[in-house]
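Below: one structure in structure tokens.
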Amino acid sequence: MAIAQHKLGSGFGAHSTAGDVLTGHDMSGKNVLITGGYSGLGLEATRALARAGAHVIVPARRPGVASEALAGIPGTEVRELDLADPGSIRAFAETFLETGRTLDILIGNAGVMAYPDTLVGPGWEAHLAINHLGHYVLVNHLRPALLMPDARVVSVASSGHFLSDIRWDDPHFRHGYDHWLAYGQSKTANALFAVHLNTLGVRAFAVHPGSILTPLQRRIPHAQQIAQGWISSDGQHADGFKTPAQGAATAVWAATSPLLDSYGGAYCQDCDLAEPATTDDMLIGGVKPWALDPGSAARLWTLSAELTGLDTFSGRLPVDS
Ligand SMILES: NC(=O)c1ccc[n+]([C@@H]2O[C@H](COP(=O)([O-])OP(=O)(O)OC[C@H]3O[C@@H](n4cnc5c(N)ncnc54)[C@H](OP(=O)(O)O)[C@@H]3O)[C@@H](O)[C@H]2O)c1
């Protein structure tokens, strides 16, 4: 599974939608899990994959809201899961594994941005906990369902990774909190997670979806969004932004494209492999070297195993097993 960061010429691009990239794909009989698959980009990915015939399992922090959002989309299933709570993730995974089903695709999409300084669980910074550690725990528990040669894991990262490498000396921001740096660190972690998971035998990719107005921005005051050029004063999205269906396309492409059959661990953008970043402009994107570094990816895996007490890939099980 080669890691390469050069365009493959997928025939799709920034304007392609999740539906476009699935044209001609029959997903019947495929089991897909999408965290947060009931809001924003996740909802569009769920919609497109279910329309193509997949059965989509949507673990949800708010199952009632999820069921309402997915009503009318056949082939979807809502289960309770809170990525901030390892016990809830384990309970979800145990119930899922008891059904004997396998997973063809897992899209780690759920995430938070611009949280106030919050520690969850045993003292984990909230972005790192929800965006990265929650998905680390989920994939570790679901390992038996992912051990098929064609299974893929897609980790929804962001060009927000430009903002911060992993803060090895202070990952939980106990010495000065900044919500953008915290988001940035967690998105670098999403990319590194794919790099290392791929070396452990589960084909994995990270993606930057683009810039899209969704409930993700709910904690950013309207005036600040205008000042940052994200929206106009009448609430319309700025040039260079995608629609949610376009924003879901790269994750769906990474999960399904036959072009990626001999690749893994790579970072994708606009329905293709991303090029190395040549600028700090997050709208242009690309991938920074620290988000692909195999040594950092292995170190983050070790840190995640230490923090969670779990690494099923090396036989380390939860302490009370
Ligand atoms: N939108 C963009 O411009 C953009 C750009 C780059 C990357 N991304 C990434 O794309 C992904 C999806 O974002 P989005 O824009 O679609 O945002 P969104 O509409 O806010 O969706 C995020 C989803 O994550 C779920 N979630 C939050 N906390 C959770 C928890 N503790 N446990 C389980 N689920 C939880 C949310 O559930 P609730 O609704 O119940 O809270 C929601 O379903 C995120 O990883 C984000 O970082 C987005």
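Expressed as a whole number of Å, what is the distance separating the alpha-carbon centroids of the stretch 94-152 and the stretch 262-321?
13
Hey, what number do you get for the chain at 222 nm if only DSSP H runs of n ≥ 4 count, each worth -39500 (n - 2.57), divided across all residues, to the nearest 500?
Working: 10 runs with 99 residues, N = 321.
Helix contribution divided over all residues of the chain: -9000 deg cm²/dmol.
For the chain, state the average projected area of the convex hull of the C-alpha atoms over all orientations, rounded to one decimal in nm².
Result: 15.5 nm².
May I ask what percent, to the nearest 5, of DSSP beta bridges between residues of the chain are antiparallel? Can you show the working numbers first?
On the way: 6 of 32 bridges.
Percentage antiparallel, nearest 5: 20.
P171: net charge of surrounding residues, Cβ under 14 Å, Lys/Arg +1, Asp/Glu -1, itself excluded? Walk me through the numbers before you get to the answer.
Numbers: positive: R167, R174, K187, R299; negative: D117, E125, D165, D169, D170, D178, E306.
Summing Lys/Arg as +1 and Asp/Glu as -1 gives -3.
What ³J(HN,Hα) values, in whole Hz, does the Karplus curve 6.51 cos²θ - 1.76 cosθ + 1.60 give for the stretch 179-190 when θ = phi - 60°, with x put for Gly and Pro?
5, 6, 5, 5, 5, x, 4, 5, 7, 4, 4, 4
Can you tell me what the convex hull of the Cα atoms of the stretch 254-321 projects to on average, as an area in nm²? Kindly include the intermediate steps, with their values, before the conclusion.
Numbers: hull surface 26.9 nm².
Quarter of the Cα hull surface area: 6.7 nm².
Also, I was wondering about something else. Picking from D261, D85, D281, which is most flexible by a Gaussian network model of the chain using Cα springs under 10 Å?
D281
Which of K30/K187; K187/K242; K7/K30 have a Cα-Cα distance over 21 Å? All intermediate terms of the calculation are to be shown ahead of the outcome.
Working: K30/K187 28 Å; K187/K242 19 Å; K7/K30 27 Å.
Those over the limit are K30/K187; K7/K30.
Efficiency by 1/(1 + (r/R0)^6): what FRET value for S262 and E77, r their Cβ-Cβ distance, R0 = 41 Å, to the nearest 0.05?
0.80
Under the Kirkwood approximation for Rh and a Cα-based Rg, what ratio Rg/Rh is obtained for the stretch 15-72?
Details: Rg = 11.2 Å, Rh = 11.5 Å.
When Rh is taken as the Kirkwood radius, the ratio is 0.97.
I've got another one for you. Quick check: from the Cα gyration tensor, does the stretch 167-321 come out rounded (a/c under 1.5), prolate or oblate?
Working: a/c = 2.09, a/b = 1.37, b/c = 1.52.
Here the stretch 167-321 falls in the oblate category.
Can you list the residues, at least 5 places off or on another chain, whose amide H is less than 5 Å from the amide H of A204, using H built in the peptide plane?
The answer is V153, N198, G265.
Report the convex hull volume per residue for the stretch 45-120, counting only C-alpha atoms, in Å³. Mind showing how you got there, number by number?
Working: hull volume 8.2 nm³, N = 76.
Enclosed volume per residue, from the Cα hull, is 107 Å³.
At 1.4 Å probe size, with no ligands or nucleic acids counted, give the accessible surface of M282 in Å², nearest ten.
Solvent-accessible area, nearest 10 Å²: 70 Å².
Rounded to whole Hz and in sequence order, give me ³J(HN,Hα) for the stretch 226-234 from the Karplus expression 6.51 cos²θ - 1.76 cosθ + 1.60, θ = phi - 60°, writing x for Gly and Pro.
The phi angles translate into 5, 4, 7, x, 7, 9, 7, 5, 8 Hz.
The values are calculated or read from the model by the stated rules, or taken from the named source; none is laboratory data. What you see is a predicted model; the values in this text were computed from it and never measured. Every residue, glycine among them, receives a Cβ derived from its backbone with ideal geometry; neighbour counts consider all protein chains shown. With ligands, DNA and RNA removed, areas are computed over all heavy atoms of the protein, side chains included. Shrake-Rupley method; radii C 1.70, N 1.55, O 1.52, S 1.80 Å.
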